[in-house]
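Shown next, in structure tokens, is the structure this report addresses.
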Protein chains: 2
Amino acid sequence: MYQFRVLSKTQYLSQVDRSHKKDFNPISVPERLLLGPGPSNSHPDVLRAIAQPPIGHLDPYYIDLMGEVQELLRYVWQTDNRLTLPMSGTGSSAMEATLANSIEEGEKVLVAINGYFGNRLADMASRYKAEVVTVEKDWGEAFSLEDIEEALLTHKPAIIAMVHAETSTGVCQPMEGIGDLCVKHDCLLVLDTVTSLGGVPLFLDKWKIDLAYSCSQKGLSCPPGLGPFTMGPRAEEKLSKRKEKVPNWYLDVSLLNQYWGSDRVYHHTAPVNMNFGIREALRLLAEEGIENAWQRHRSNAEKLWKGLESLGLNLHVAEALRLPTLTTVVIPSDVNGKAFSSHLLNKYGVEIGGGLGSLAGKVWRIGLMGYNSNSENVENLLNLFDTELPNFREKLSSAA
Amino acid sequence: MYQFRVLSKTQYLSQVDRSHKKDFNPISVPERLLLGPGPSNSHPDVLRAIAQPPIGHLDPYYIDLMGEVQELLRYVWQTDNRLTLPMSGTGSSAMEATLANSIEEGEKVLVAINGYFGNRLADMASRYKAEVVTVEKDWGEAFSLEDIEEALLTHKPAIIAMVHAETSTGVCQPMEGIGDLCVKHDCLLVLDTVTSLGGVPLFLDKWKIDLAYSCSQKGLSCPPGLGPFTMGPRAEEKLSKRKEKVPNWYLDVSLLNQYWGSDRVYHHTAPVNMNFGIREALRLLAEEGIENAWQRHRSNAEKLWKGLESLGLNLHVAEALRLPTLTTVVIPSDVNGKAFSSHLLNKYGVEIGGGLGSLAGKVWRIGLMGYNSNSENVENLLNLFDTELPNFREKLSSAA
């Protein structure tokens, strides 16, 4: 009979390759204040929740907790969508889930690009064999209703995907009225709310958003690792009529719904500890009240903007389009932006972000998100800019 | 100008729908001893690591930690593969990653099915437009070298996928010699090591495995949420020559390698806290020594098998093929298996699993994995079977 050989410990020892057996010290994570584009610091109660011993993914207690997570996600997103759940991956996996579950091969998908994440949507959509078309704006601007309607008329897409809060530029895309255009032109609307959920006013159902996704590590004050996902009735109907299986097993909502819905059919082993965390994060947000959280983000952002401008710095985005969660600051021409942000991290443990894509080297990105959106953090950061930035300005040559 | 409307708190309050704003209590997770098919309990040091405040995914400390995780994964898998990293999802996402990165549309993929997870491989492979063919064995048996060679000769597949440790049946598939057949017949070998990594002797490079995946919540003593993934040189070469992009952005190893490799190009925001956890879990396993962990799993499993048999219970799998990490116990015909396992969970907080698929209702599944593989757990569980199981035996009718 062909069986597996059970050797003695000594025999195994002689076979084991120890070249990758490194002797590392116990983990010791440095303290950081995360004021970049994310992750943001987590609420201490959320970290305590994540450290609870795991339980089974079909445990009656866990099944109840799943329902709680879904219900509170509906609250913070302001939606009644039945299919609202956190994907077992980061925000990018939820982004991919919105496309994988809505695109059928050969369909036209219009992506509105005014930053890095619009480009990512276009790349992803192409992998699901969509015919991708785009409408573009400069990085730092938003689309008007006319821009969107013109693009819908020109391309007649089955789906339009756009970004509510562009983390790469700091622009908040106004959404009122766009959903009505999509209904009128018979097209599904996919919205990236990664940097808005929990921090920026967001009315998914009022705005007629068909699919949306977000992340756990920004406005929700939880570590990264879960990707909130939601799908409305029009998208659900399309899913039920698909000709082919969703071309991504892990993110297939028709399978996931058998686990998250009433049947509780095993799909994959849930990341239970991360779900302990998001449950607690959402509970804390509901306790605060979503309108209070929005207000808090707004007033701390305004304080930051005022402070930065009073230090003589310029903000990249016009005030009317500025995100309360993420501010892009123009790096002065006589400053090495990377050297300054490395200095803040290494000397003060404060993380701020650099620019992405076409804004690389041109802006810093400052996040005030979730637990980190408070006036003490704003004051500390403004003090650091005030005292440290002058040391990074290149001396003008005496000849000048 | 089209801008987003900033309302006052009172105005927002009047617009906010509070129907999903539920007032839940702070989280309070019940204590469980997880002796089912997984998750298993985590090592307390791992839970402490996961609860550290997050840091940035491009923080120099985090970059070092990524390298540590990769190096220790190579050790526990016994591989030199450069492309060894944890996928930012559960084990199923890593399963999907092995297929998404290796299959090109229209290729023939042979799946060796002797349990539930073989079927999952076949379903997933079909979504990547493979021509899926199968070779099958009863649930509880393993494939012989002759079975595999005959199937390779018959189907001439580009890829064969099989399961080292079938969690649904408790069978350990002997692997010595199969990799040589795959080289001979010019076919890539994908191996599921979800229930073997860290607990069952596993020599990825010696066995010539081209792609493998696992999970964090079994032999590694970490919560679920990461999917270790590895890809050898033959698979890497195939990936580099693909005609089309990998049809899954999130799991595309050619992109992930730009982040995990030396370039450190941002792909997605890593689940940093889960990676704190797996780093610590792998460090503890290296400290123990992989051959000692194998031996520990083996001796605790043997103690369990002997104890169950001395209670008059039958094991589903022949001893020569039994997994040390997962034991399938035949449910006596006069016992309601589900009622007994619910009793253990509700009264003692001890989780054991039921059967899946064709073994549903026929077996219990008992896991002794990672941190939970110790003799105290074996003794406690045997005591529970000894004292509680008789109460669940149906009385024979007096007429019998």
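The values are calculated or read from the model by the stated rules, or taken from the named source; none is laboratory data. Worth saying up front: this structure is predicted, and the values here are computed from it rather than measured. Virtual Cβ from ideal backbone geometry, glycine too; neighbours counted across all protein chains shown.
Looking at the range B:341-348, is at least one residue over 17 Å from B:TRP305 (Cα atoms) and assigned to a strand (DSSP E or B)?
No, the range B:341-348 contains no residue that is over 17 Å from B:TRP305 (Cα atoms) and assigned to a strand (DSSP E or B).
The rows are residues; the columns are (1) surrounded by fewer than 19 Cβ atoms within 10 Å (Cβ to Cβ); (2) in contact with a His (Cβ under 7 Å, 6 or more places away or on another chain).
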| residue | (1), (2) |
| --- | --- |
| A:VAL132 | no, no |
| A:GLU141 | yes, no |
| A:ASP147 | yes, no |
| A:ALA151 | no, no |
| A:THR167 | no, no |
| A:ASP180 | yes, no |
| A:VAL183 | yes, no |
| A:CYS187 | no, no |
| A:SER196 | no, yes |
task: Output the number of the condition that A:GLY289 fails; it satisfies all remaining conditions of (1) out of contact with any His (no Cβ under 9 Å at 6 or more places or on another chain); (2) under 21 Å from B:GLY38 (Cβ atoms).
output: (2)
statement: Of those in the range B:356-370 that are crowded, with 22+ Cβ neighbours inside 10 Å and among the small types (Gly, Ala, Ser), the residue farthest from B:LEU313 (Cα to Cα) is B:GLY370
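Looking at this structure, is A:ARG48 surrounded by fewer than 24 Cβ atoms within 10 Å (Cβ to Cβ) and under 21 Å from the mean Cα position of the chain (by Cα)? Talk me through it step by step, then tell me what you get.
Working: surrounded by fewer than 24 Cβ atoms within 10 Å (Cβ to Cβ): yes; under 21 Å from the mean Cα position of the chain (by Cα): no.
No, not satisfied.
Being surrounded by 22 or more Cβ atoms within 10 Å (Cβ to Cβ) and assigned by TED's automatic domain parsing to the domain that holds A:SER221: is that true of A:GLY115 here? Walk me through it before giving the result.
On the way: surrounded by 22 or more Cβ atoms within 10 Å (Cβ to Cβ): yes; assigned by TED's automatic domain parsing to the domain that holds A:SER221: yes.
When the stated conditions are applied, A:GLY115 passes them.
Determine which member of the set B:VAL109, B:VAL69 is closer than 23 Å to B:GLY38 by Cα and either touching a helix residue (DSSP H, G or I) at 6+ places or on another chain (Cβ under 6 Å) or crowded, with 24+ Cβ neighbours inside 10 Å (or both).
Values: B:VAL109 fails: closer than 23 Å to B:GLY38 by Cα.
On inspection, the qualifying residue turns out to be B:VAL69.
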message: Go through the range B:32-44 and report how many residues are within 7 Å of chain A (Cβ to nearest Cβ) and out of contact with any Ser or Thr (no Cβ under 8 Å at 6 or more places or on another chain).
response: 2
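Mind telling me which of the residues A:LEU308, A:LEU326 ends up being over 21 Å from the mean Cα position of the chain (by Cα), under 23 Å from A:ASP138 (Cβ atoms), crowded, with 21+ Cβ neighbours inside 10 Å and not assigned by TED's automatic domain parsing to the domain that holds A:SER196?
One residue alone meets the criteria, A:LEU308.
So if I check each of B:ALA122, B:ALA112, B:ALA212, B:ALA161, which one is in a helix (DSSP H, G or I), among the aliphatic types (A, V, I, L, M), modelled with pLDDT of 95 or more and in contact with a strand residue (DSSP E or B) (Cβ under 8 Å, 6 or more places away or on another chain)?
Working: B:ALA112 fails: in a helix (DSSP H, G or I); B:ALA212 fails: in a helix (DSSP H, G or I); B:ALA161 fails: in a helix (DSSP H, G or I).
Selected residue: B:ALA122, the only one of B:ALA122, B:ALA112, B:ALA212, B:ALA161 that is in a helix (DSSP H, G or I), among the aliphatic types (A, V, I, L, M), modelled with pLDDT of 95 or more and in contact with a strand residue (DSSP E or B) (Cβ under 8 Å, 6 or more places away or on another chain).
Matching residues to (1) within 22 Å of the chain's Cα centre (by Cα); (2) of a type in the set (A, V, I, L, M, F, W, C):
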position	(1), (2)
B:ALA235	yes, yes
B:LYS238	no, no
B:ARG242	no, no
B:LEU251	yes, yes
B:LEU255	no, yes
B:ASP263	no, no
B:TYR266	no, no
B:VAL272	yes, yes
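Taking B:GLY353, is it under 19 Å from B:ASN114 (Cβ atoms), of a type in the set (Gly, Ala, Ser), touching a Lys or Arg at 6+ places or on another chain (Cβ under 9 Å) and in contact (Cβ under 8 Å) with a residue 24 or more places away in the chain? Step through it out loud before you land on a result.
Details: under 19 Å from B:ASN114 (Cβ atoms): yes; of a type in the set (Gly, Ala, Ser): yes; touching a Lys or Arg at 6+ places or on another chain (Cβ under 9 Å): yes; in contact (Cβ under 8 Å) with a residue 24 or more places away in the chain: yes.
Against the criterion (under 19 Å from B:ASN114 (Cβ atoms), of a type in the set (Gly, Ala, Ser), touching a Lys or Arg at 6+ places or on another chain (Cβ under 9 Å) and in contact (Cβ under 8 Å) with a residue 24 or more places away in the chain), B:GLY353 qualifies.
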message: Taking the criterion of being more than 7 Å from chain A (Cβ to nearest Cβ) and under 25 Å from the mean Cα position of the chain (by Cα), would at least one residue in the range B:3-13 satisfy it?
response: no
message: I'm told A:ALA281 meets every condition in (1) closer than 21 Å to B:CYS215 by Cα; (2) surrounded by 24 or more Cβ atoms within 10 Å (Cβ to Cβ) except one. Can you identify the failing condition by its number?
response: (1)
message: Within the range B:245-257, does at least one residue satisfy the condition of being assigned to a strand (DSSP E or B), modelled with pLDDT of 95 or more and more than 8 Å from every other protein chain (Cβ to nearest Cβ)?
response: no
- request: Return the residue satisfying two criteria in turn: it lies in the range A:75-87 and is surrounded by fewer than 23 Cβ atoms within 10 Å (Cβ to Cβ) and not hydroxyl-bearing (Ser, Thr, Tyr), and of such residues it is farthest from the other protein chains (Cβ to nearest Cβ).
  value: A:LEU83
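Among the listed residues A:LEU359, A:LEU284, A:LEU368, which satisfies the condition of being over 21 Å from A:PRO201 (Cβ atoms) and in contact (Cβ under 8 Å) with a residue 40 or more places away in the chain?
Working: A:LEU284 fails: over 21 Å from A:PRO201 (Cβ atoms); A:LEU368 fails: over 21 Å from A:PRO201 (Cβ atoms).
Result: A:LEU359 is the single residue among A:LEU359, A:LEU284, A:LEU368 that is over 21 Å from A:PRO201 (Cβ atoms) and in contact (Cβ under 8 Å) with a residue 40 or more places away in the chain.
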query: Can you find even one residue in the range B:296-309 that is among the hydroxyl-bearing types (Ser, Thr, Tyr) and not in a helix (DSSP H, G or I)?
result: no
- request: Could you tell me which residue of the range A:88-109 is farthest from the other protein chains (Cβ to nearest Cβ), considering only residues that are under 14 Å from the mean Cα position of the chain (by Cα) and part of a helix (DSSP H, G or I)?
  value: A:THR98
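Report whether or not A:PRO54 is more than 7 Å from chain B (Cβ to nearest Cβ), touching a strand residue (DSSP E or B) at 6+ places or on another chain (Cβ under 8 Å) and part of a loop (DSSP other than H, G, I, E, B). Show your work before the answer.
Values: more than 7 Å from chain B (Cβ to nearest Cβ): no; touching a strand residue (DSSP E or B) at 6+ places or on another chain (Cβ under 8 Å): yes; part of a loop (DSSP other than H, G, I, E, B): yes.
So A:PRO54 does not fit the description; no.
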The lone exception for A:ARG18 - which of (1) facing another protein chain (nearest Cβ under 7 Å); (2) surrounded by fewer than 18 Cβ atoms within 10 Å (Cβ to Cβ) it fails: (1)
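Could you tell me whether the range A:129-139 includes any residue that is assigned to a loop (DSSP other than H, G, I, E, B) and either over 23 Å from the mean Cα position of the chain (by Cα) or closer than 21 Å to A:HIS185 by Cα (or both)?
Step one: filter the range A:129-139 for residues assigned to a loop (DSSP other than H, G, I, E, B), giving A:129-130, A:137-138.
If we keep only those that are either over 23 Å from the mean Cα position of the chain (by Cα) or closer than 21 Å to A:HIS185 by Cα (or both) as well, we get A:129-130.
Yes, the conditions are met somewhere in the range A:129-139.
Please indicate, with yes or no, whether at least one residue in the range A:124-137 is away from chain B (no Cβ under 13 Å), without any contact (Cβ under 8 Å) to a residue 40 or more places away in the chain and of a type in the set (D, E, K, R). Show your work before the answer.
Our first condition is that a residue be away from chain B (no Cβ under 13 Å); within the range A:124-137, this holds for A:131, A:133-136.
Narrowing the set further to residues that are without any contact (Cβ under 8 Å) to a residue 40 or more places away in the chain leaves A:131, A:133-136.
Adding the requirement that they be of a type in the set (D, E, K, R) leaves A:131, A:136.
Yes, the range A:124-137 has at least one match.
Which ones in the range A:57-67 are in a helix (DSSP H, G or I) and without any contact (Cβ under 8 Å) to a residue 12 or more places away in the chain? Quick ask: steps written out before the conclusion?
Going residue by residue through the range A:57-67, those that are in a helix (DSSP H, G or I) are A:60-67.
Answer for the range A:57-67, where residues must be in a helix (DSSP H, G or I) and without any contact (Cβ under 8 Å) to a residue 12 or more places away in the chain: A:PRO60, A:TYR61, A:ASP64, A:GLY67.
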